[in-house]
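Heads up, the thing below is written out as structure tokens.
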Amino acid sequence: MCGIVGAIAQRPVAAILLEGLRRLEYRGYDSAGIAVLNPDGQLNRARTLGKVARLAEAVAAQPLPGLLGIAHTRWATHGEPATHNAHPHICRDRCAVVHNGIIENHELLRAEQRAAGHRFTSETDTEVIVHALYDALAAGLSLIDAVRQTTAQLQGAYALGVLDRHDPEHLVAARQGSPLVIGIGFGEHFIASDVFALLPVTNRFIFLEEGDLAELTRETVRIWNAAGELVERPLKTSQVTAEAAERGSYRHFMLKEIFEQPQALAATLEGRLLADRVLPESFGSQAAALFSQIQAVTIVACGTSFHAALVARHWLEAIAGLPCQVEVASEYRYRAHVVPAQALFVTISQSGETADTLAALRLAQASGYAATLAICNVPESSLVRESDLVLLTRAGPEIGVASTKAFTTQLTALLLLTIALGRLHRLDATEEARLVTLLRSVPKQLEAVLALDAQIAALAEQFVDKQHTLFLGRGTQYPIALEGALKLKEISYIHAEAYPAGELKHGPLALIDEEMPVVVVAPNNALLEKLKSNLEEVRARGGQLFVFADSQVALTATAGVTVIRLPETDDLLAPLIFTVPLQLLAYHVAVLKGTDVDQPRNLAKSVTVE
Ligand code: G6P
């Protein structure tokens, strides 16, 4: 999704802005641009299609000196990926704007502005902002008032960075629906879509809230809230180090993040377990009181986070005995629902900024849920700020677009939730103690499964020339099959879909032939015998099976059946353990295919628009 960086400093800003863009690359983008006000008062701009490195080359060839600038990575929504659509947009050489979000009334504004004589040079929804801004500045308003007047005309979502050629002392930012942070330096200030972009220059941040408008000089930051009142927002020191968002010696962020899972899970459990029970305070001080009222759970999320929710439904119903509904946020937010009595509304999100998930939360808050809980990886995110209760996943920065450690830490958090709720319902103390002991063993078990890396890398060769793959699982492993298929399609571009194995004969069996590898997740559980019958159905039709099975499963490799042995695990932990080899499989297939593993085409890490 689009990324914004801006700076007002006493030193040249172009290099800071370009480094910021490079650090926002993980969000997903197709073009990039930068505008800097040079010492002679000229507004200079460079824009390129493709990677930030190309933009950096363009700037190296034609430097952009100056102490005030804004920059942007664009993920196309309105208008194709093209240089003329890249931000910053400039009106009549006077003012420049970078924007993340979608302006919903852009067609109407465009028609009005065209009629008033503005010439459009892009197909973006953003361009109406810069023309409206120009009109306000031309009418004599200060930059901050011009932005105030402009945003009053906008419907939709935006984070904005704005500068005016005639005002070298100010950088203005606005936030409505898309995230934006202010970085606090010494004699310099910055704006960015997230903290990662600014870690080389500061670790002190102010997180703008919905409706905020901010005016930055080199020395001061002033913020007005949605009601137009001057407000103080807290200054926070980020714990994320610049190195945590670096790739180190790993070939890709995704591989680094897969291998970080044991420590990420350990961090997620830290301080949340006593010897034999889960601490309800882990979810916030009011959690114990709120949880005791809960009689049902609704979970809403997107993408990989949705798959974590699907696993949790099994746990919450089987272990905690609570009815649980799960839905993708983009569907949930646009339908009428019956809210169960005394229900907890849970959102799951790595970024905490996913537009559909946030909208679903806001809808739920107005619908009579007993409480809201966010399971999230970003402490300062909108989702965290707006929820009653929070459980942070502590995975650390996840940069690869394909989510890995965020998923397994979400599952860990959901097990904590299941146990915390379960003890208030049907989970007895002995069983709680057993589950807590199991949870503690997960990081070690993950280490063991990561040792299969080389074996899975070899296996990947059998997938690289395939067009389609089918993933099968039953019970809690069906969502894991969904997640395995999602990983493969996201980064290798091989069409992959997942089915609950029992549904095979209701359609997908028609697709089976030797060109269609079938990946099966087969832990040793109550559904194993049924799953084996499904595998026979595939074999009988010439399908190639790749079965991930734990060491207790009686299955032998024969012609057409490859068995990959995983360490034995308890059924409760199987979703966590069986996810890892599927992540590795997708990773190695993508590497063999030579795709852009960390930034797959067309995808964004943080989807801040609808
Ligand atoms: C995007 C990302 C996925 C992620 C989904 C939900 O599609 O590419 O990896 O699962 O958004 O994001 P969230 O931050 O809400 O978990």
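Okay, here's what the table says:
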quantity	calculated
Modelled FRET efficiency - R0 35 Å, Arg434 with Thr237, Cβ distances, 0.05 increments	0.30
For the range 111-223, the spread of Cα positions along each principal axis, largest first, Å	46, 26, 23
Kirkwood-Stokes translational diffusion coefficient of the range 376-436, alpha-carbon pairs, 20 °C, 1.002 mPa s, µm²/s	163 µm²/s
For the range 420-557: rounded, prolate or oblate by the Cα gyration tensor [a/c cutoff 1.5]	prolate
Of the trypsin sites (Lys or Arg not before Pro) in the range 278-335, those whose Cβ has at most 14 other Cβ within 10 Å and which sit in DSSP loop	Arg335
Kirkwood hydrodynamic radius over Cα pairs of the range 1-81, then Stokes diffusion coefficient at 25 °C and 0.890 mPa s, in µm²/s	198 µm²/s
Cβ-defined net charge surrounding Gln467, 14 Å radius [Lys, Arg +1; Asp, Glu -1]	-2
Of all accessible heavy-atom area on the range 421-464, the percent that carbon and sulfur account for (1.4 Å)	54 percent
Trypsin sites (Lys or Arg not before Pro) restricted to DSSP loop in the range 491-540 with at most 10 other C-beta within 10 Å	none
Percent of C-alpha pairs per 20 Å bin, the chain, short to long	20, 49, 27, 4
Length-normalised contact order for the range 51-206 - Cα pairs under 8 Å, 6+ apart - percent	19 percent
Percentage relative contact order, the range 1-117, counting C-alpha pairs under 8 Å, at least six apart	31 percent
Values of log10 I(q)/I(0), in the order q = 0.11, 0.14, 0.21 Å⁻¹, for the range 505-610 under a Debye, Cα-only, solvent-free model	-0.45, -0.70, -1.13
Modelled label reach - Glu568, point 7 Å along Cα→Cβ, the range 496-523 residues with backbone N closer than 18 Å	522-523
Size of the range 349-406 as Cα extents on the principal axes (Å, biggest first)	36, 19, 16
CD proxy at 222 nm, helix term only [per DSSP H run n ≥ 4: -39500 (n - 2.57); per residue of the chain; nearest 500]	-10000 deg cm²/dmol
22 Å Cα-Cα threshold exceeded, pairs from Lys505/Lys532; Lys51/Lys466; Lys487/Lys530; Lys51/Lys236; Lys236/Lys405; Lys444/Lys532	Lys51/Lys466; Lys487/Lys530; Lys51/Lys236; Lys236/Lys405; Lys444/Lys532
Filtered GluC sites (Glu not before Pro), the range 406-492: DSSP coil and at most 13 other beta carbons within 10 Å	Glu461
nm² value of the averaged projected area, convex hull over the Cα atoms of the range 183-262	6.7 nm²
Cβ-defined net charge surrounding Ser551, 15 Å radius [Lys, Arg +1; Asp, Glu -1]	-3
Surface/4 of the Cα convex hull for the range 548-610, nm²	7.0 nm²
Solvent-accessible area per residue for the chain (1.4 angstrom probe, square angstrom)	37 Å²
Per-q log10 I(q)/I(0), the range 1-142, q = 0.11, 0.14 Å⁻¹ (Debye; single scatterer per alpha-carbon; no solvent)	-0.38, -0.62
The chain: DSSP helices with Cα axial extent of at least 24 Å and average Kyte-Doolittle hydropathy no lower than -0.5	405-422, 574-593
Overall dimensions of the range 347-487 as given by Cα atoms, namely Rg and Dmax in Å	18.0, 52
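The values are calculated or read from the model by the stated rules, or taken from the named source; none is laboratory data. All values derive from a computational prediction rather than experimental measurement. Ideal geometry is used to build each Cβ from the backbone, glycine not excepted, and the neighbour counts take in all protein chains shown. Heavy atoms of the whole protein, side chains included, go into the accessibility calculation; ligands, DNA and RNA do not. Shrake-Rupley method; radii C 1.70, N 1.55, O 1.52, S 1.80 Å.
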